[in-house]
1. Take A:PHE30 and tell me if it is closer than 23 Å to A:TYR241 by Cα and open to solvent by 30 Å² or more (accessible area, probe 1.4 Å).
2. Does the range B:62-81 include one or more residues that are closer than 21 Å to B:LEU123 by Cβ, open to solvent by 10 Å² or more (accessible area, probe 1.4 Å), touching a residue at least 40 places away in the same chain (Cβ under 8 Å) and touching a Ser or Thr at 6+ places or on another chain (Cβ under 6 Å)?
3. How many of the residues in the range A:54-110 are within 14 Å of chain B (Cβ to nearest Cβ), in a helix (DSSP H, G or I) and of a type in the set (Gly, Ala, Ser)?
4. So if I check each of B:SER19, B:SER2, which one is free of Cβ contacts under 8 Å to residues at least 40 places away in the same chain and farther than 16 Å from B:PHE262 by Cβ?
5. Go through the range B:220-241 residue by residue and tally those that are touching a helix residue (DSSP H, G or I) at 6+ places or on another chain (Cβ under 6 Å) and of a type in the set (Gly, Ala, Ser).
6. When residues of the range B:282-297 are filtered for being within 26 Å of the chain's Cα centre (by Cα) and either buried (at least 20 other Cβ atoms within 10 Å of the Cβ) or in a helix (DSSP H, G or I) (or both), how many remain?
7. Output the residue which, of all residues in the range A:216-246 that are under 18 Å from the mean Cα position of the chain (by Cα) and farther than 19 Å from A:THR27 by Cβ, is surrounded by the most Cβ atoms within 10 Å (Cβ to Cβ).
8. Out of curiosity, is A:ASP157 open to solvent by 20 Å² or more (accessible area, probe 1.4 Å), modelled with pLDDT of 95 or more and farther than 21 Å from A:LEU77 by Cβ?
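The values are calculated or read from the model by the stated rules, or taken from the named source; none is laboratory data. The structure presented is a predicted model; accordingly, all values stated were derived computationally and were not measured. FYI the Cβ positions are ideal-geometry reconstructions off the backbone, even for glycines, and counts take in every protein chain you see. All accessible areas refer to the heavy atoms of the entire protein, side chains included, with ligands and DNA or RNA removed. Shrake-Rupley method; radii C 1.70, N 1.55, O 1.52, S 1.80 Å.
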Protein chains: 2
Amino acid sequence: MSAFRVLARDGGARAGVLSTAHGDVQTPVFMPVGTQATVKAVSSGDLRELGAEIVLGNTYHLALRPGAASVRELGGLHRFMAWRRAILTDSGGFQVFSLRERRKVDEDGVTFRSHLDGSEQRLTPEIAMAIQADLGSDIAMAFDECPPANAPNAEIDAAMARTTRWAARSLEAPRAPGQLRFGIVQGAVDLARRRAHLAAISALPFDGFALGGLGVGEPPDVMHAVVDAIAPEMPEQSARYLMGVGTPADLLAGIAAGIDMFDCVMPTRNARNGQLFVRGGRVNIGNTRHRHDPEPIDAGCPCECCANYSRAYLSHLFHAKELLYYRLATVHNLRHYLDLMAGARAAITNGTLRRYWANYLATRGPSDPDPDPLPVSPPSAFDAT
Amino acid sequence: MSAFRVLARDGGARAGVLSTAHGDVQTPVFMPVGTQATVKAVSSGDLRELGAEIVLGNTYHLALRPGAASVRELGGLHRFMAWRRAILTDSGGFQVFSLRERRKVDEDGVTFRSHLDGSEQRLTPEIAMAIQADLGSDIAMAFDECPPANAPNAEIDAAMARTTRWAARSLEAPRAPGQLRFGIVQGAVDLARRRAHLAAISALPFDGFALGGLGVGEPPDVMHAVVDAIAPEMPEQSARYLMGVGTPADLLAGIAAGIDMFDCVMPTRNARNGQLFVRGGRVNIGNTRHRHDPEPIDAGCPCECCANYSRAYLSHLFHAKELLYYRLATVHNLRHYLDLMAGARAAITNGTLRRYWANYLATRGPSDPDPDPLPVSPPSAFDAT
């Protein structure tokens, strides 16, 4: 039986449900990023109240600190971070291949130096899956080689071939009870390469499939063209996951193309940097025009931040570098992203996704007649994830 | 009608209720310190869930940023920080007199340079009361001169005399509707001076009386000797407030001597530095022995931190400098302080305060058979309050 079921369609978009060992996940879904066993600045209780059904944990970061064996002995990642719903763990591939100067790849795996203490470490498909088994995540990602956006074709081809061989080894490794496994499709921004690699990866018995190596610096329209072409060709009966993407506009475009799952540090990282999402744009809370504004960030938002606090107060906390700022801003941005996805699910069910999408991008919230344009920035593996 | 009523006595200790424009405050009470319109790392919702009935705001800090007029225009400090219960504001005296090199005192007031931008600022009794009226606090403190612990006698005597004159001027200044005003007794650690100044200040029609200038570096037993001698001689029908004190042991000693109100940055500041209070001692979460400990900080504590998270998880967050650490640690320490006070209130009502006090100091929590000794450190006006 498949872990994923499509419940409704609207054009290429799907509303569905992904069944995991820690509950069902309604899709399309945004997964807040909990790099170091915490979504930065919020508690598992906050995430529960926000209605998050799944969060992401990072194999690379958790393996280095506190260590996979330590988390296993403490009852697994769910118990460690007091989160009872689903967790997806990445394989560490994206982080390891971001360590340009500090890693050495061979056919068996990757040797690299920790960004924390410089110690020599190793990841192979078997080690990455063993770590994810120790963490006890509900969805484990296969270990992949992720070349940079501007890599020469020969390097991209070699990475695709190796990722395919590593995918097969990842599937042969032991896993945690009930753990689902997703394969990752590489191929940069060339459609022929993407199609060839999709054929190779989708021939393997994964529970779901992901597009990796996008949103890593290429122009947004190039990324959207790849997603528009490839997402509809991904296996129809399995969940489709666009890794590391993106802005609200990116998510809506991905949903329309048939993507079911997303993760990105943008809502949490941008919150900490003073960028708060509103419909159709964002508010830069550090801007002096907010210093005396008694209105909330978004008068239509039901989050703890908007229900209680003014822009003036958030501006004060931000300028005073008060810890409360980071929590309130993160709660708001996650609420915005999760509500965006809930609205998209409802719109797909009603057959109104295109209108929902256009309305979102066109709306200037009543509390912010002139929001700043949406941010576009590639994720970083290490900068304040 | 007095704002304060004694409901029960146990030796010199009193359980009572202080009526403010924003609700009743059960005493003895500990007031979390919200220097910059936020108790560091927690929200007003967190404080409500913790059961706090009153918090403290700092006139000096709020006057510099965001400014008293700004807070007034935004509806006052309660609305600004979304806190509907009581607020006490200090007068700025303690902070201003901590600016040793940056201030100049005259009979009318104090000229000083802001620690934020070096700009020249001025506080007088009238300005301090006007700021507190703008903030709209429920209890305003008179503007006082607070000499250092090691000041020569002539300086202490002059400060006492000036504080008396400033107290009278503070009472003549306009106040917010329903705002109570407390006078401050100085006199360093000399009992004769304390008694003389208590006589002068208590002759003025204040709603409550505070002991200032203690817990500023003098040995704990010297501070306790002053409190033991002077607290019982403070007006019987008014609330008695020991400013800026202290450890759980200091609070219990103060309660036994007849003090009703306390504030201190210790629970919040020490939380951020890794010191978590348990019965009879404290846990230094940075210590390596907690890295793999599946037990909570205090198995008997009902706080969000202890109910959900292990010492190992807190240790991980602390070492990774994750923002969530600061909130969880602060919630725990405030829960510990507020529960200590609730227990003391109940014990006074039951006539068992001495046993409660001794039990607290003697208890080694089951989850921490060997806690570190209680910290003793003077508050600082500026270091991470």
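1. no
2. Yes, the conditions are met somewhere in the range B:62-81.
3. Number of matching residues: 4.
4. Numbers: B:SER2 fails: free of Cβ contacts under 8 Å to residues at least 40 places away in the same chain.
So the residue among B:SER19, B:SER2 that is free of Cβ contacts under 8 Å to residues at least 40 places away in the same chain and farther than 16 Å from B:PHE262 by Cβ is B:SER19.
5. 2
6. 4
7. Start the filter on the range A:216-246 by keeping residues that are under 18 Å from the mean Cα position of the chain (by Cα), which leaves A:216-218, A:220, A:223-224, A:226-227, A:231, A:238-246.
Right, trim to farther than 19 Å from A:THR27 by Cβ and you get A:216-218, A:220, A:223-224, A:226.
Working: A:VAL216: 23, A:GLY217: 12, A:GLU218: 18, A:PRO220: 16, A:MET223: 25, A:HIS224: 20, A:VAL226: 22.
Among those that are under 18 Å from the mean Cα position of the chain (by Cα) and farther than 19 Å from A:THR27 by Cβ, it is A:MET223.
8. On the way: open to solvent by 20 Å² or more (accessible area, probe 1.4 Å): yes; modelled with pLDDT of 95 or more: yes; farther than 21 Å from A:LEU77 by Cβ: yes.
Here the answer is yes, as A:ASP157 does meet what is asked.
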